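Peer 1: Have a look at this one before I ask anything.
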Amino acid sequence: ETPCFYEELKEYGCRFHFVRKRKENYLGNRKDIKELLSNNKYDIVHCHMNSLSYSTVILIASKMGIPVIVHSHNSGNLQGIVSQTLHRLNSYRLLHKNVYRVAVSKEAGDWMFGRDSDYKIIKNVPNAEKVSVETVKKLLKHKNSVQCFMSCGNIYIILEEYEKILQEQMKITN
C-alpha cells in the first residue's frame, strides 16, 4: 500500500523506503530500519509520534549517532496495558537519549516527555490554507539536499524550522 501523494512526491525527487511492519515481524522491522539508516547518509531523523510505545527508530538512530527529533502529536489516551507500559518505559529511556523534543501543544509535550522536560512547541499547520502546492514545490527544490522525513500537512513547518533544529542538534552532539 502506498502513502498519500506517493506519485506526486516521487515526481519531485522524494524517495520512499518501506520497512516490514513491526506487528507482523518485529525483528525484520528492526533489521530493515538498521539497514535503511546504515545504507543512507541522513543528517537527521524526524519521528512523528502519537506515543512512545514504539521507539525502535529513535533508539537505533541515537545509537548510530544520528541526531533525532521526536515530535509529539498526542496528549494521551493510550489503549491497552502493553502500550501504556511501553510508553512509560520509553519515556524514561528517552530522558537519557540525545534527542530534540518537539510537540504540537503543551499538553502533547507534557504527556510525551514529562512536565519538567525541555521541548519546543511547533503547532500543527496553523495556516494550512496559505500553503499551496506551488509553495511546497519551491520548498522541496530549495531543500532538496536535505534528506528528512516529511509528513503531508506538516511539510512547511518542518522545513521552516529544520535549519534551526539541525543547528541546535549539531551543537549538542558535537
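The values are calculated or read from the model by the stated rules, or taken from the named source; none is laboratory data. Bear in mind that the values here come from a model prediction, so they are computed numbers and not experimental data. All Cβ positions, even for glycine, are placed from backbone atoms using ideal geometry, and neighbour counts span all protein chains on display. Side chains included, ligands, DNA and RNA excluded: accessible areas come from the protein's heavy atoms. Shrake-Rupley method; radii C 1.70, N 1.55, O 1.52, S 1.80 Å.
Peer 1: Starting from a Cα-only point model with no solvent, please compute log10 I(q)/I(0) by Debye for segment 1-106 at q = 0.14, 0.19, 0.22 1/Å.
Peer 2: One equal scatterer on each Cα of segment 1-106 leads to -0.65, -1.16, -1.39.
Peer 1: Could you report segment 1-91's accessible area per residue, 1.4 Å probe, as an integer in Å²?
Peer 2: In whole numbers, segment 1-91 has 62 Å² accessible per residue.
Peer 1: Another one. Which net charge results when you count Lys and Arg as +1 and Asp and Glu as -1 among the other residues whose beta-carbon is under 15 Å from that of LYS21?
Peer 2: Every neighbour counted, the sum reads +2.
Peer 1: While we're here: Ordered by residue, what ³J(HN,Hα) values in Hz, to whole numbers, does segment 8-23 give under the Karplus form 6.51 cos²θ - 1.76 cosθ + 1.60, where θ = phi - 60° and Gly and Pro are x?
Peer 2: Here the 3J(HN,Hα) series is 4, 5, 4, 4, 9, x, 6, 10, 10, 10, 9, 10, 4, 6, 5, 5 Hz.
Peer 1: Then there is this: Could you list, in their original order, any pairs among LYS21/LYS63; LYS97/LYS123; LYS10/LYS97; LYS31/LYS106; LYS21/LYS41; LYS10/LYS106 whose Cα atoms are separated by more than 29 Å?
Peer 2: Exceeds cut-off: LYS10/LYS97; LYS31/LYS106; LYS10/LYS106.
Peer 1: Please give the direction-averaged projected area of the C-alpha convex hull for segment 2-52, in square nanometres with one decimal.
Peer 2: Values: hull surface 18.9 nm².
Averaged projected hull area, Cα only: 4.7 nm².
Peer 1: Shifting gears a bit: On average over all directions, what projected area in square nanometres does segment 24-63 have, based on the convex hull of its Cα atoms?
Peer 2: On the way: hull surface 12.7 nm².
With every direction weighted equally, the projected area is 3.2 nm².
Peer 1: Just add up the charged neighbours of GLY80: K/R +1, D/E -1, any other residue whose Cβ is under 14 Å from the Cβ of GLY80. It would help to have the intermediate numbers written out before the result.
Peer 2: Working: positive: LYS23, ARG88; negative: none.
Residues near GLY80 contribute +2 overall.
Peer 1: Here's another thing I want to ask about it. Quick one: compute the contact order of segment 1-119, relative version, from alpha carbon pairs under 8 angstrom and 6+ residues apart, as a percent.
Peer 2: Rounded, it is 21 percent for segment 1-119.
Peer 1: While we're here: Quick query: amide H of PHE5 versus all other amide H atoms, modeled in the peptide plane; which residues come in under 5 Å with a sequence gap of 5 or more or a different chain?
Peer 2: Under 5 Å from the amide H of PHE5: no residue qualifies.
Peer 1: Would you mind counting up the charge near ARG93? Only other residues with Cβ under 14 Å from its Cβ, with Lys and Arg at +1 and Asp and Glu at -1.
Peer 2: Value of the local net charge: +4.
Peer 1: How many angstrom lie between the C-alpha centres of segment 1-45 and segment 48-119?
Peer 2: With segment 1-45 and segment 48-119 each reduced to a Cα centre, they are spaced 20 Å.
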